[in-house]
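*Asks:* One structure coming up, written as structure tokens, with questions to follow.
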Amino acid sequence: MKTVFVTVGTTSFDELIESVTSSENVQVLKARGYGRLVLQVGRGDVLPTADACPHVKLEVFRFKNSIEEEFKQADLVISHAGSGSCLEALGADKPLLVVVNDKLMNNHQIELAMQLHMDSHLLYCTCSTLGETLKTMDLSGLRRFSPGQPKLFANFLDKALGLE
């Protein structure tokens with residue numbers, strides 16, 4: 001059974017959790033062959049129950065000591081645009097769809113998502129465009145992000161954030 005792992009990291013991003021578990025988006029995921037949805041909801045207030053997503057197997061948790069196993073089992077990762085979550089998903093060599101929280105003030109996350117997208121490492125959208133992105137996404141064109149080169153990633157972040 002194909003699995004989608006959704007992570008918000010240590011933050012709260014209820015809008016993403018609500019959007020990904022909407023009946024329309026669950027139907028799209030199901031139509032694309034995903035039958036299991038694992039949600040890491042962090043500090044959020046939204047805790048979906050199994051009856052909210054009757055067409056897929058739903059698992060929900062706030063935090064774990066490690067989410068390495070969730071990344072390993074995932075066929076698709078949907079993540080907030082935090083650099084740690086992005087790096088972990090890309091390091092696990094998983095297709096990544098980043099959902100930028102466009103409600104954040106001084107949102108630097110969009111810059112990271114845009115640059116990684118321009119380099120063909122991930123797809124990105126906002127909560128309002130998640131449904132359309134899920135319907136039309138083509139994961140076959142994504143390029144592997146070479147792990148184990150933290151200096152390259154640090155340089156990339158500096159450039160993406162205009163610190164260079």
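*Asks:* For segment 5-68, give the percent of accessible area contributed by carbon and sulfur heavy atoms, probe 1.4 Å, rounded to a whole number.
*Replies:* The computed percentage sits at 49.
*Asks:* Which value, in debye to the nearest 20, describes the size of the charge dipole of the chain about its Cα centre when Lys and Arg Cβ atoms bear +1, Asp and Glu Cβ atoms bear -1, and nothing else is charged?
*Replies:* Once rounded to the nearest 20, the dipole reads 400 debye.
*Asks:* Could you tell me whether segment 86-141 comes out rounded, prolate or oblate from its Cα gyration tensor? Rule is a ≥ b ≥ c as square roots of the eigenvalues, rounded for a/c under 1.5, then prolate if a/b exceeds b/c, otherwise oblate.
*Replies:* Oblate shape, in that a/c is at least 1.5 and b/c is the bigger or equal ratio.
*Asks:* Could you pull out the longest piece of the chain with no exposed loop trypsin sites (Lys or Arg not before Pro) in it, calling a site exposed if DSSP puts it outside H, G, I, E, B and it has at most 15 other Cβ atoms within 10 Å?
*Replies:* 104-142
*Asks:* Counting only pairs 8 or more places apart or on different chains, how many lysine pairs in the chain have C-alpha atoms closer than 13 Å?
*Replies:* Lysine pairs meeting the criterion: 8.
*Asks:* What is the extension gain from residue 51 to residue 139, computed as 0.36 nm multiplied by their sequence separation minus the C-alpha to C-alpha distance, in nm to one decimal?
*Replies:* Stretched fully, the residue 51-residue 139 segment lengthens by 28.8 nm.
*Asks:* Let me ask another. Write down the Å³ per residue value for the convex hull defined by the alpha carbon atoms of the chain.
*Replies:* In the chain, the Cα convex hull volume per residue is 108 Å³.
*Asks:* I've got another one for you. Hey, how many Å between the Cα centroid of segment 91-125 and the Cα centroid of segment 8-40?
*Replies:* 17 Å
*Asks:* What accessible area per residue comes out for segment 61-146, rounded to a whole number of Å², with a 1.4 Å probe?
*Replies:* Spelled out: the 1.4 Å probe surface of segment 61-146, per residue, equals 51 Å².
*Asks:* Going toward the positive end of the dipole of segment 41-164, with +1 on Lys and Arg Cβ and -1 on Asp and Glu Cβ, which of 74, 139, 101 do you reach last?
*Replies:* In segment 41-164, that residue is 74.
*Asks:* Is the shape of segment 71-164 rounded, prolate or oblate, going by the alpha carbon gyration tensor and its root eigenvalues a ≥ b ≥ c, with a/c under 1.5 for rounded and a/b larger than b/c for prolate?
*Replies:* Taking the square roots of the gyration eigenvalues as a ≥ b ≥ c, segment 71-164 is oblate.
*Asks:* With runs of 4+ DSSP H residues as the only contributors, calculate the mean residue ellipticity of the chain at 222 nm using -39,500 (n - 2.57) per run, divided by the residue total and rounded to the nearest 500.
*Replies:* Result for the chain: -10000 deg cm²/dmol, rounded to the nearest 500.
The values are calculated or read from the model by the stated rules, or taken from the named source; none is laboratory data. Treat the numbers as computed from the prediction; the structure is a model and nothing was measured. Here the Cβ is made from the backbone with ideal geometry for all residues, glycine too, and neighbour counts use every protein chain on show. The protein model used for the area step is the full one, side chains on, heavy atoms only, and it has no ligands, DNA or RNA in it. Shrake-Rupley method; radii C 1.70, N 1.55, O 1.52, S 1.80 Å.
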